[in-house]
Amino acid sequence: MNPFFKDIQSVNTIDGAINKLKQQIDISDKLYEIINFIIEAHEGQFRKSGEPYSVHPILVATVTSKFSQDEDVIATALLHDVVEDTPYTLEYVEERWGKNVSNMVKGLTKVSDIREENFITSKDSSDSKIVQAALTFRKMLITSIDDPRVLIVKLCDRLHNMLTLAVLPPHKQRRIAEETLVVYVPIANRLGISTLKNELEDLAFFYIYPEEYKKIDLFLKENEQSMQLSFNNFITVTKTLLEKNGFDINKIKIYSRIKHHYSIYLKMQRKGITIDEVLDLFAIRILVENDIDCYKALGHLHLEFKPLVSRFKDYVATPKENGYQTIHTTVFYNSKIYEIQIRSFDMNKVAEYGIAAHWAYKNGDQTSTNVSGTNLNWLKSLEFSNDNIEEFYNETKENLFNDEIIVYSPKGEVFILPIGSTAYDFAFEVHSNVGKKALYCYINKIKKPLLTVLRSTDIVQIVTGEEISVRCSWIDMVRTTKAKKQLRILCTQKQKEIDELSGRNILNTVFSRYYENIIEVHKVDNLYKVAQVLSYFKHAKLLLEKKIAREKGFMARFKILTSKIKEFKFDNILIHSNFNINSISFDHCCHPKFGDDIVAFRNSNEAVVHHKMCDKAYNKIKANHQMLFCTWTKNSVFKYKILISIPNTRGELAKVFNYLSKNEFYILFVSFGRQKHSLSQYCDIEFESNISSLDEVKKIVEKEIKLIEILSKKDAYNK
């Protein structure tokens, strides 16, 4: 833990809190007035730990002062709970301390109101519901705030709450820690404030995965001294090298840093490795005077030590979206691997304090104008629309912690993408409309398919058409959240359109002896359900018959009623129609497999089956071709992928296969690499099951197997 935050954690008296604030800033008369006011306003209120409540806002102000010493921001931190927890109003705050302070306090009060209204407070507190509610809270928090300074105060407020979480019961600790990881960590990351992000992550990690945290913590404590000695030697060698090549050793700073616990954990999960295989547990950081010195230092290091080219990243020339700038390189020295980070002192401030590093430390409203507006536009991209906790964590890991590549547009614009991204990912990164209308691409002036995986420094040009192309089978093949999200939206829209048109065609087919287009004559609500649900199809038919009877009389209704819907079974497919169907065939264009979404067209007494997303089928559906209601005879098969850890002893993999087989999981693919001198091994397994619920499958696997990750894999078709 950061020593400053550790000191904050130990303070539990009003005098101690005020003294801590004094160490950070010169407390003005205005701030003394506010401190005395909040002590009086919160009189008689105590935290769960038993300390006077006013200790909390004073310590939140102390933490906030690390990121902004603007008097109004500190005042807001002190007053952040007054309107919510005491009889005093916003009007009172504005009258005494000004509109700027009252507006920021109002923003914080709105956040509290949103949380109370939207976050889970009931006894039903399953992981997925907690995270889904937290995602909603995060979305509303972002959209409701007009000044990023309010977010800084809220992050500091949450940090102090996390520092004092030990006094709460375990179920509340976990819920608040989950909310911290889902809501506050991504905001701190996007604001570029690594000091807060790292601390919040580790505190949340401690309560969510206590055993994993303890293992990592124990490893670091046991090995820290030996690793630090090695790094001290490397730092001395580096200092000597730079001094010999003209650097003033008094104007640069070199120190080591340890990767924080949660970051180590994520890397272990993502790469399927043990902690002793994480190469960048320790790194040295070199701070120099200006940008060009970063490259000079890099040049001398690469000439002296052998670099690992694949692990080189230049975020100085191409900063991350949150403003982060640093050169990352990894070198061999003395038979060991060392990661080196090189940045200027100014870059270091931005890396530690993010957006707050640019704020004026003087009083006044100018700060507000400088930081409002534009920053919040990209901040609002945090409004994820995840359906479940697994998808959220998967996307979070991919977006925030994955290795990255840098690619260019033909005009030289820089795009940073996760490793493994395709040209199709790049298309959506340029603009959602470019992705939607993309046909093919040129990579380094050579024509390539859109699913070509990109490499760093590629120059990519996307060729678009006039029409939007919907490629639902590509969702699992793209890498970025933006591309996946846009494809899901497109596919949902396309599927609804297909179901609407199919419902129309199915009903028109039923009444084709009497009407050319009955849906034009008599409206049917929720047409898309006709193609999906047999009972609704029969219900819609009955409603139309009643309308016809009222319109044409009893005899017409009698004739139609004699035309009942019958079931026709062919192998694994059921057809429901009022026409006799004698045979079934599968068109050659799409080859639907068992369990796929399908549609059926009437060709005299034959049913012709297509995959629902088939282009040829789509054209026939739009052309009002006669259609039939069709389903598979039994449940679909669902595909899953798991990453597991097993002991490095003989027969363990066989036990896993036996357990999966007993639970009727049909194994499709296994990837297993045995590593010597390791207590455990990692194994990728893909399998099929008749169980549609990922949560249910997860519970079954976890009973006997150490599960690291589980994903649902929809069957993909290359069109």
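Can you pull a Stokes-Einstein diffusion coefficient for segment 1-57 at 25 °C (0.890 mPa s), Rh from Kirkwood over Cα pairs, as a whole number of µm²/s? Taking Rh from Cα pairs, D becomes 203 µm²/s.
Note on T318 and L711: their simple-model spin labels are 2.3 nm apart, each label 7 Å out from Cα toward Cβ. Given a Förster distance of 22 angstrom, what is the FRET efficiency for D684 paired with F219, based on the Cβ-Cβ distance and rounded to 0.05? The value I calculate is 0.35.
The magnitude of the dipole of segment 211-358, with charges of +1 and -1 set on the Cβ of Lys/Arg and Asp/Glu and taken from the Cα centre, is near 140 debye. Surface analysis of segment 404-461 yields an accessible area of 50 Å² per residue, using protein heavy atoms and a 1.4 Å probe. With a Förster radius of 25 Å applied to the C-beta separation of I468 and A623, the computed FRET efficiency comes to 0.80. When the square roots of the Cα gyration tensor eigenvalues are ordered a ≥ b ≥ c, the ratio a/c for segment 569-634 is 1.5 or more and a/b does not exceed b/c, which makes its shape oblate.
Write down the accessible area per residue of segment 219-348 in Å², having rolled a 1.4 Å probe over the full set of protein chains.
With the other protein chains kept in place, segment 219-348 gives 48 Å² per residue.
With a Förster radius of 45 Å applied to the beta-carbon distance between V414 and T236, the computed FRET efficiency rounds to 0.80. Segment 288-338 and segment 435-513 have Cα centres lying 39 Å from one another. Which aspartates and glutamates, if any, have their Cα less than 13 Å from the Cα of K214, not counting same-chain residues under 8 positions apart? Answer for K214, where 13 Å is the Cα cut-off: D202, E222, listed by chain and number. Taking each of K569/K641; K66/K106; K569/K699 in turn, the alpha-carbon distance tops 29 angstrom for K569/K641; K569/K699. Let me make sure I get this right: for segment 175-271, a, b and c are the square roots of the gyration tensor eigenvalues over alpha carbons, sorted descending. Under 1.5 in a/c it's rounded, otherwise prolate if a/b > b/c, else oblate. Which is it? In terms of gyration-tensor shape, oblate. How many percent of Cα pairs in segment 484-636 exceed 27 Å? When all Cα pairs of segment 484-636 are counted, 21 percent exceed 27 Å. Overall shape: oblate for segment 418-460, with the ratio a/c of the largest to smallest alpha carbon gyration tensor axis at 1.5 or above and b/c at least equal to a/b.
Here is the link list: K320/K706; K20/K251; K484/K593. Which ones come out longer than 27 Å on Cα distance?
Exceeds cut-off: K320/K706; K20/K251.
What aspartates and glutamates could a cross-link reach from K523, if we take a straight Cα to Cα line under 20 Å and drop same-chain neighbours fewer than 8 places away? Within the straight-line cut-off, K523 pairs with E497, D499, E500, E545, E551.
Per the Cα gyration tensor, segment 606-668 maps to an equivalent ellipsoid with semi-axes of 44, 14, 7 Å, ordered largest to smallest. Across q = 0.13, 0.15, 0.18, 0.24 Å⁻¹, segment 153-225 modelled as identical point scatterers on its alpha-carbon atoms has Debye log10 I(q)/I(0) values of -0.39, -0.51, -0.71, -1.05, in the order of the q list. Note on K447 and S256: the extension gain reaches 64.2 nm, defined as 0.36 nm multiplied by sequence separation minus the Cα-Cα distance.
The values are calculated or read from the model by the stated rules, or taken from the named source; none is laboratory data. Every value quoted in this text rests on a predicted model; they were computed, and no experiment measured them. Every residue, glycine among them, receives a Cβ derived from its backbone with ideal geometry; neighbour counts consider all protein chains shown. Please note that ligands, DNA and RNA were not included when accessible areas were found on the heavy atoms of the full protein model with its side chains. Shrake-Rupley method; radii C 1.70, N 1.55, O 1.52, S 1.80 Å.
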